[in-house]
Amino acid sequence: MPLIEVERKTNVVLLLLMSILGLTAVFQAGYSHEMVYYSYLVVVPLTMYYLLKGIPSNSFSVVLHLPILCFLFFSAISLIWTININESLGELYKLVFYLLLYYLAGAYLKEKDVEKLVAAVLIIGTFIALLGILLFLLVHSRRIISVFNNPNPFGMYLAMLSLAGIGIYLHGAKNRWLAVSLVIITDALVLTGSRGSLLAYAIAFPILLLFVPREQLFGKCQKAFLLFFVVAISTFIISSVAPWLQNLGLNFNFLNQLVIRDSSLESTSVVGRLAFWKVAWNMIMARPFTGFGLGTYHIAYNSFRNDDKWWALFAHNNYLQIWAETGIFTLLSFLAFFFLFYLFAVSQIKAVRKTGIYQGILAAGFAFLLHTFVDFTWNIPTVTILFWTFLGCVTALQSPEHHYFAEGRRHPSHCLAAALIFIFLLGSGQQLLAYRVALLGEKAQDAGEHQEAINQYQLACRIFPYRAEYFGKQSENYYDLYLESKDPVLLDQAVNLRQKAINLSPYEYENYGILGRILWDEGRRDEAEKYLRQAVHLGGFTPTPFLNLGYFYLSQEKFAEAERVLSQGLAQSIFAYRNAPGSGEKTRVTEAQVQMHLGLAIIYHSQELYNKEKEQLQSILRLDPHNSVAQRQLDKFQQE
C-alpha cells in the first residue's frame, strides 16, 4: 500500500472547491442560492467518477461517520410525512451536496491543496470584507453586509476566515500580506456588529493555542494581541473617518450597485429569537419524534406562532430547527457526529504536520457550530459550504496513522454510494428542469398567453408533480380563461387544480385565500367562507387574508363580523409592515391597510357612525395622502 502520493499536475477537486467557494460567496450570498444547484450537477458526477474508478483517496473512519449517515437517513425519511415535499426535497439535496463537498475535500485534498484552498478563500474574503468597509466609509455607516443579505451570517463567514488565517499567522512564518488580510477581515467582522459571531469567535479562539508548549505560549499570545490591537485602532479610525467622508458630498453609489439590498433580512433582537425558539418548541411538542419535514419550519410557523409581532423563515437555532423539522433522532445523530468528530480531531493536533492551518480551520468550524445556536447561519449556503469544506480539510490534514492514500481499487460500498448519489442527481435535475419550464410558463402568462402558460405549467407538473406553486399557476391561468369565456369546464379545472395545490402544501395560506375568492365570486358562499377563514388562520399577521374575509362579510352586510376581522387585520398589519423584507412588500402592506380602513369606513357609514367613519378616512390619508376616495368623502363632511 503506497504511503507516498503520486504527484499530479492538477487536482480537479481543488479547482472545483475553489470555484464553488468563490462563486457562492461573490454572487449575492443569500439563503436561496441558485449557484448551489448548478454546482450540484458538477459535484455529483465527479464524485461518482472517483468512486467507480477507485481513485486513491485518504482514509475515512466508518465508525466516526455512522452518525452523520444516520442524520442524513432520518432527514430523508421525513419526506414520508412532510407538510411540503418540495421544500423537503430541496433541503435534502442541499444536505447531500454539503456532505459530498466534505467527502471530496477530506478524501482527495493533499496538504498543499488545503494550503492553496485556504489561501484562496482568504483572498476572496479579503475583497468581500473590503467592499463592506468601503460601503461603510463612503455610502452609509451602518452594520455592514457587503454581498450578503444579513450582517450576522456575514459576521460568521468573516469569523471563520479570521480564525483560519490567525491559525496560520500564529504557527507559521511571518507574512506581511497575511497580516494585512487578517486586519481587513477582522475589521469587517467587528463592523458587522454581529454579537453572536464575535462571541462564538471568542469562545473558539483558544483552540488555536491548544497544546502549544509553555515556552512558546507567551510569544503567540503576544502576536495575537498585536494583531487585535491593530484591528482595534483601524476599526476606530474607520468609524471616525466615515461620517467626514460621507459629508464631502461625493457620489459613491456605484458601490451600492455591486450588492442587492432591498430584500435583505433584518436582524432580530434577543426577544425575537426567544419567540422563534418558542415556535420551534411548540412544533416539537406537537411532533417530537418525526417533526414536520425537512425545511418546513417557516411553513408551519403561523400554525404555532405566539400572538406577537414576530415571524421568521428560520428558528435562529439550528438544533431546535432540526428537532422541529425532522425529530429527536435526527438531532441526536447530528450532535453525536460533531461530538465524535471534534473529540478525534483535537486528539490529532499533536500529530498533524500543518498545525497552524489545522487548528485554524478546526476553530473556524467550532465557531460556526456555536453560532448556529443563536442564528440562521446554517441556512445560508455560502457559509455552510465553507464550514463543510473546512471540516473536510481537517480530515485531509490528520496524522499519517489515519491519513494515507488507499490502493486504487473499487469497493462494493463505492458502487452503492455512487448509485445513491446518482438518484439524488436525477431528483435534483428533475426539480431544476421543472423550475426552468415553469419560468417559461411565467413568461407566457406575463404576455397574456394563458393557454401557452397552462401548457408549460402542465409540463412542469409532469416533470415534478410535488410543487404546489405549479398547480396554483395552472389554476390561475384556467380562471383567467374562464373569465373570458365563462366556460364552466374551465372553472372546474381552476378549482380542482387549486385544491391540489392545497393538498401538496396544506399549511400555506395563499391557496386557501385564492380559492376562497374564486368560490365567493361564483356565489358558493359557504365553501368560500371556510377557505377564507382558513387563510386567516394560517396567514399570521399577513393583511391580505383579513382583507378578503372582512370584505366577504361586508358584502353580506355582516357588519359585526366584518368590523372584527378588519380591525384585527389592521392591528396585525403593523407587524406585517415591520417584517416586510423590502420596499415593494412594505408598499403592498400599506395598500392593504388603506383598503381595510376603507372597509371600516363603509361599515361605520352604513351604521351612521360618522365620527368613526371620519377617523378611518383620516387614517387613509395619513397612509396615502393622494387617495381620492377618502379625500372626496372628507370634503363632503366639511360641506355639511
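At a threshold of 8 angstrom on Cα-Cα distance, excluding pairs fewer than six apart, so keeping six or more, what relative contact order does the chain reach in percent?
Numbers: 952 pairs, mean separation 114.7, N = 640.
Once normalised by length, the contact order is 18 percent.
Just add up the charged neighbours of ARG214: K/R +1, D/E -1, any other residue whose Cβ is under 15 Å from the Cβ of ARG214. Kindly include the intermediate steps, with their values, before the conclusion.
On the way: positive: LYS220, LYS350; negative: GLU215.
Residues near ARG214 contribute +1 overall.
Rounded if a/c is under 1.5, else prolate if a/b beats b/c, else oblate: with a ≥ b ≥ c from the C-alpha gyration tensor eigenvalues square-rooted, which is the range 601-640? Working shown, then result.
Values: a/c = 2.15, a/b = 1.39, b/c = 1.55.
Verdict is oblate for the range 601-640.
Would you mind working out the magnitude of the charge dipole of the range 394-544 relative to its Cα centre, with +1 at each Lys and Arg C-beta and -1 at each Asp and Glu C-beta, to the nearest 20 Debye?
On the way: 15 positive and 19 negative charges, 102 e Å.
The calculated dipole for the range 394-544 is roughly 480 debye.
Beyond 13 Å, how much of the Cα-Cα pair distribution for the range 132-174 remains, as a whole percent?
Details: 543 of 903 pairs.
In whole percent, the share of Cα-Cα pairs in the range 132-174 beyond 13 Å is 60.
What is the ratio of the Cα radius of gyration of the range 493-611 to 2.2 N^0.38 Å, where N is its residue count, to two decimals?
Normalised Cα radius of gyration, the range 493-611: 1.08.
How big is the Cα convex hull of the range 314-396 in projection, averaged over all directions, in nm²?
Details: hull surface 21.2 nm².
Average projection, Cα convex hull of the range 314-396: 5.3 nm².
Could you state the principal axis extents of the C-alpha atoms in the chain, from the largest down, to the nearest angstrom?
Its Cα atoms span 91, 62, 45 Å along the three principal axes.
Answer with one residue from ASN282, HIS450, GLY513: the one whose Cα lies farthest towards the positive end of the charge dipole of the chain, charges on Cβ with Lys, Arg +1 and Asp, Glu -1.
Of the options given, the answer is ASN282.
Count the net charge of all other residues whose Cβ sits under 12 Å from the Cβ of GLU529, scoring Lys and Arg as +1 and Asp and Glu as -1. Walk me through the numbers on the way to the answer.
Details: positive: ARG517, ARG524, ARG525, LYS530, ARG533, LYS558; negative: ASP526, GLU527, GLU561.
Net charge around GLU529: +3.
Could you tell me how far the Cα centroid of the range 529-597 sits from the Cα centroid of the range 320-364, in Å?
46 Å
What are the equivalent ellipsoid semi-axes of the range 210-249, built from the alpha-carbon gyration tensor (square roots of five times its eigenvalues), in whole angstrom, biggest first? Write out the running numbers ahead of the final one.
Working: eigenvalues 280, 9, 4 Å².
Its equivalent ellipsoid spans semi-axes of 37, 7, 4 Å.
Which residue, GLN618, LEU491, SER88, has the largest displacement toward the positive end of the dipole of the chain when charges sit on each Cβ (Lys, Arg +1; Asp, Glu -1)?
Checking the options against the dipole of the chain, the answer is SER88.
Taking H as built 1.01 Å from N, whose amide H comes closer than 5 Å to the amide H of PHE148, not counting residues under 5 places away?
ALA29
State to the nearest 20 debye the size of the charge dipole of the chain about its Cα centre, where the only charges are +1 on K and R beta carbons and -1 on D and E beta carbons. Intermediate values should be presented prior to the final figure.
Details: 49 positive and 46 negative charges, 474 e Å.
My answer is approximately 2280 debye.
For the chain, with the dipole built from +1 on Lys and Arg beta-carbon atoms and -1 on Asp and Glu ones, taken about the Cα centre, which of PHE546, LEU439, LEU199 lies farthest toward the positive end?
Of the options given, the answer is LEU199.
From the gyration tensor of the Cα coordinates in the range 48-135, what semi-axes in whole Å does the equivalent ellipsoid have, largest first, with each one equal to sqrt(5λ)?
Numbers: eigenvalues 179, 117, 24 Å².
Three semi-axes, in Å: 30, 24, 11.
Can you order the peptides 293-301, 237-245, 366-374 by their average number of other Cβ atoms within 10 Å per residue, highest first? Could the numbers behind the result be given before it?
On the way: 293-301: 24.9, 237-245: 13.3, 366-374: 22.9.
Highest-to-lowest ranking by the protection proxy: 293-301, 366-374, 237-245.
Which of LYS443/LYS473; LYS586/LYS612; LYS278/LYS586; LYS278/LYS309; LYS220/LYS350 have a Cα-Cα distance over 20 Å?
Values: LYS443/LYS473 12 Å; LYS586/LYS612 26 Å; LYS278/LYS586 26 Å; LYS278/LYS309 13 Å; LYS220/LYS350 17 Å.
The answer is LYS586/LYS612; LYS278/LYS586.
Determine, for each peptide in 155-168, 381-394, 201-214, 115-128, the mean count of other beta carbons within 10 angstrom over its residues, then list the peptides with the highest first. Provide the component values of the computation, followed by the final result.
Numbers: 155-168: 30.1, 381-394: 26.1, 201-214: 15.6, 115-128: 19.5.
The most tightly packed comes first, giving 155-168, 381-394, 115-128, 201-214.
Please compute the per residue accessible area over the chain with all protein chains in place, 1.4 Å probe, rounded to a whole number of Å². Please list the in-between numbers first.
Details: 28840 Å² over 640 residues.
Accessible area per residue: 45 Å².
Within 10 Å, count the other beta carbons around each residue, average over each peptide in 279-288, 190-199, and list them highest first. Present the calculation step by step, with values, prior to reporting the outcome.
Values: 279-288: 18.3, 190-199: 22.0.
Answer by packing, highest mean first, reads 190-199, 279-288.
Sum -39500 (n - 2.57) across every DSSP H segment of at least 4 residues in the chain, then divide by the residue count to get the 222 nm mean residue ellipticity, nearest 500. Walk me through the intermediate numbers first.
On the way: 27 runs with 470 residues, N = 640.
Helices in the chain give a 222 nm mean residue ellipticity of -24500 deg cm²/dmol.
How much of the accessible area of the chain, in percent, comes from carbon and sulfur atoms when a 1.4 Å probe is used? Kindly include the intermediate steps, with their values, before the conclusion.
On the way: 17870 of 28840 Å².
Here it works out to 62 percent.
The values are calculated or read from the model by the stated rules, or taken from the named source; none is laboratory data. Note that the structure is a prediction, hence the values are computed from the model and not measured. Reconstructed Cβ throughout: ideal geometry from the backbone, glycine too, with neighbour counts over all protein chains shown. Calculation scope for accessible area: heavy atoms of the full protein, side chains included, ligands and nucleic acids excluded. Shrake-Rupley method; radii C 1.70, N 1.55, O 1.52, S 1.80 Å.
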